[in-house]
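The values are calculated or read from the model by the stated rules, or taken from the named source; none is laboratory data. Predicted model, so just to flag it, every value in this text is computed and none were measured. Backbone-built Cβ (ideal geometry, glycine too); neighbour counts: all protein chains shown.
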Amino acid sequence: MSLEIIKAKFSAFAVHGAPLTAGADTPAALPVSLVVETRHAVKGYDLDVTVPPERVTDAARLLDEAAFMLEAITGLDWIAEQQFEVVYDYTSLTTGARVTVRARLPRATPELPSIAGIYPGANWHERETHDFFGIVFTGHPGLTTLLLPEDAVFHPLLKDFSA
Amino acid sequence: MSYGTQSIHRETFVLNLGPQHPATHGVLRIKLTMDGEYIDDAEPVIGYGHRMQEKMGENRTYVKYLPNTARMDYVAALFNSHGYVCAVERLAGITVPERAEFIRVITAELNRVASHLLWVGAFLIDLGGFTPLLYTFDDREQILDLLEAVTGARLTFCYYRFGGVCNDIDDEFIAGTRKFIAHLRSRMPMYHAFITKNIIFRKRCEEIAPISAETCRKYGATGPVMRGSGVAYDVRKLEPYSVYPRFAFNVPVYPQCDCMARYLVRMDEMVESLRIVEQALEQLPGGPVMAEKVPRMLKPAKGDCYFNVESARGTFGVRLVSDGTDKAYRLKLRSPCFSNLSLFQECSRGLLLPDALALLGSLDLVIPDIDR
């Protein structure tokens with residue numbers, strides 16, 4: 001599956017994806033699907049896709065069909081906007097093309113579906129992100145601490161965390 | 001007592017491998033559920049050496065974080081440094097002089113050979129053969145001496161800087177490296193004669209612990225593990241960085257998927273790395289080794305970028321998010337060992353315990369790189 005087809009398929013997300021409405025506890029409206037082509041030499045990835053959090057599984061399934069590999073899951077704390085961002089890095093094993101999938105979620109209720117059922121390798125990445133940010137991946141087979149101590153009740157990568 | 005009518009109860013017991021065990025190469029615990037000699041379930045427990053390297057990346061300036069990069073994968077530390085400096089350079093728009101790029105490739109590839117030599121020795125110890133380690137460490141020592149002379153460190157390098165390298169290589173280093181290339185090439189037949197052809201070694205590795213290409217992709221296992229499963233995935237070829245496109249080298253691939261394939265990939269990679277180093281020394285241009293006008297207080301533009309390097313163990317990735325200040329807003333370190341170990345639970349199911357140890361060894365784990 002070429003990058004063009006993947007781009008077209010992601011663009012279809014924007015049409016069918018229901019836009020999220022800003023709730024009472026979400027200060028800023030969460031972005032809907034957004035597909036941006038980027039230059040690999042500048043950004044390190046070819047396609048920058050923003051999807052609503054509940055559609056990260058659809059994105060994972062799409063890229064799994066295209067035989068992409070999940071490389072990493074990165075959490076981000078945008079404290080000023082009261083949002084979390086979860087970034088999925090996918091790479092093609094044949095062309096070296098990279099697709100970055102992002103989802104923004106409210107900081108107060110950080111929940112999004114787990115993709116561990118599609119990519120078993122996501123299991124550990126999601127546990128790590130849960131450790132560091134407290135983001136809950138619903139449907140995860142065992143969201144226990146991975147790198148932090150078993151009794152850890154803190155999330156060190158939160159911007160308002162102090163030791 | 002009649003045995004014929006007795007129902008057979010399947011009994012399992014829990015066995016702890018580690019966290020302090022020589023076969024785990026660091027502080028790694030594996031909770032094994034054993035059915036006799038066979039593994040029912042193996043759950044890796046990690047994090048004993050967790051230092052929150054990613055938080056440290058956020059609370060110190062870009063330059064101050066440089067020494068940290070060598071303290072994750074300490075066996076092949078230059079790759080982590082390379083990934084980090086390249087990510088920062090990409091975001092800050094710094095161009096590295098040609099000579100510095102060549103020196104980076106030369107030292108990184110020497111580091112890869114040193115790392116693989118250490119792995120061969122340690123892997124053979126896992127399998128019960130002590131002697132090869134004495135030979136591989138002898139060779140590896142020569143690389144460490146070479147690198148020490150130019151970088152000032154033997155393992156925890158802080159050699160790559162934003163915009164180049166901190167020290168130029170001299171004629172002594174070039175002559176020493178050329179001598180070493182010839183030396184290691186002359187040693188390879190010996191290694192193949194007494195390791196690759198060794199019947200005990202072969203019986204411990206051939207057709208043992210297969211990992212399919214699909215499993216590698218699903219778990220994100222890269223490097224020699226993936227190439228030992230028949231996938232020619234190498235960042236140096238697919239997303240060429242630095243001056244790698246200028247050199248002719250092959251990506252060794254073995255389709256057998258077993259421990260032997262992973263061993264052979266690494267053995268061939270050493271030869272290919274020597275080829276790269278040899279070509280780089282021949283084409284080495286003159287000029288400065290540091291870019292001019294790199295600001296002392298580095299403040300990359302707002303935004304994010306991703307940078308990947310082909311480390312000795314697989315894909316080492318850095319996702320860097322900058323908010324325009326002198327410290328990173330977020331620094332994600334994608335460690336190859338982390339993903340490589342994550343497939344252990346699935347792939348060790350049903351294996352004999354000694355075979356699982358062969359699998360563990362063949363993954364080439366450096367635990368501080370997993371724990372970060």
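Quick notes
- In segment A:108-124, the residues that are touching a Ser or Thr at 6+ places or on another chain (Cβ under 9 Å) and more than 8 Å from chain B (Cβ to nearest Cβ): A:ALA108, A:THR109, A:GLU111, A:LEU112, A:PRO113, A:SER114, A:ILE115, A:GLY117, A:ILE118, A:ALA122
- Annotation: of all residues in segment B:81-112 being closer than 27 Å to B:VAL271 by Cα and among the hydroxyl-bearing types (Ser, Thr, Tyr), the one that is nearest to the chain's Cα centre (by Cα) is B:SER81.
- Residues located in segment B:126-162, provided they are acidic (Asp, Glu) and at pLDDT 90 or above: B:ASP138, B:ASP139, B:GLU141, B:ASP145, B:GLU148
- Number of residues in segment A:137-154 that are among the hydroxyl-bearing types (Ser, Thr, Tyr) and assigned to a loop (DSSP other than H, G, I, E, B) equals 2.
- Verdict on B:LYS237 being surrounded by fewer than 23 Cβ atoms within 10 Å (Cβ to Cβ), among the charged types (D, E, K, R) and under 23 Å from A:ARG98 (Cβ atoms): yes
- Boolean, B:VAL85 is crowded, with 22+ Cβ neighbours inside 10 Å, modelled with pLDDT of 90 or more and closer than 30 Å to B:CYS305 by Cα: yes
- Residues satisfying the stated conditions in segment A:142-163, i.e. in contact (Cβ under 8 Å) with a residue 40 or more places away in the chain and either more than 9 Å from every other protein chain (Cβ to nearest Cβ) or in contact with a Leu (Cβ under 8 Å, 6 or more places away or on another chain) (or both): A:LEU158, A:ASP160
- Matching residues in segment A:65-83 - criterion: being crowded, with 18+ Cβ neighbours inside 10 Å and either facing chain B (nearest Cβ under 9 Å) or under 10 Å from the mean Cα position of the chain (by Cα) (or both): A:PHE68, A:MET69, A:LEU70, A:GLU71, A:ALA72, A:ILE73, A:THR74, A:GLY75, A:LEU76, A:ASP77
- Residue list for segment B:228-250, filter: among the polar types (S, T, N, Q) and under 22 Å from B:LEU264 (Cβ atoms): B:SER229, B:ASN250
- Some residue of segment A:20-30 being at pLDDT 50 or above and farther than 24 Å from A:GLY121 by Cβ: no
- Of all residues making up segment A:78-136, the number that are part of a loop (DSSP other than H, G, I, E, B), of a type in the set (Lys, Arg) and without any contact (Cβ under 8 Å) to a residue 24 or more places away in the chain: 0
- Counting only helices (runs of 4 or more DSSP H) wholly contained in segment B:169-232, the ones carrying 1 or more residues that are within 19 Å of B:VAL113 (Cβ to Cβ) and touching a Phe, Trp or Tyr at 6+ places or on another chain (Cβ under 9 Å) occupy B:171-191, B:224-227.
- Segment B:137-156, residues that are in contact with a Leu (Cβ under 9 Å, 6 or more places away or on another chain) and touching a residue at least 40 places away in the same chain (Cβ under 8 Å): B:ASP139, B:GLN142, B:LEU147, B:THR151, B:ALA153, B:LEU155
- Only listed residue being in contact with a helix residue (DSSP H, G or I) (Cβ under 9 Å, 6 or more places away or on another chain), modelled with pLDDT of 90 or more and under 25 Å from A:THR91 (Cα atoms), chosen from B:LEU274, B:LEU264, B:LEU320, B:LEU281: B:LEU320
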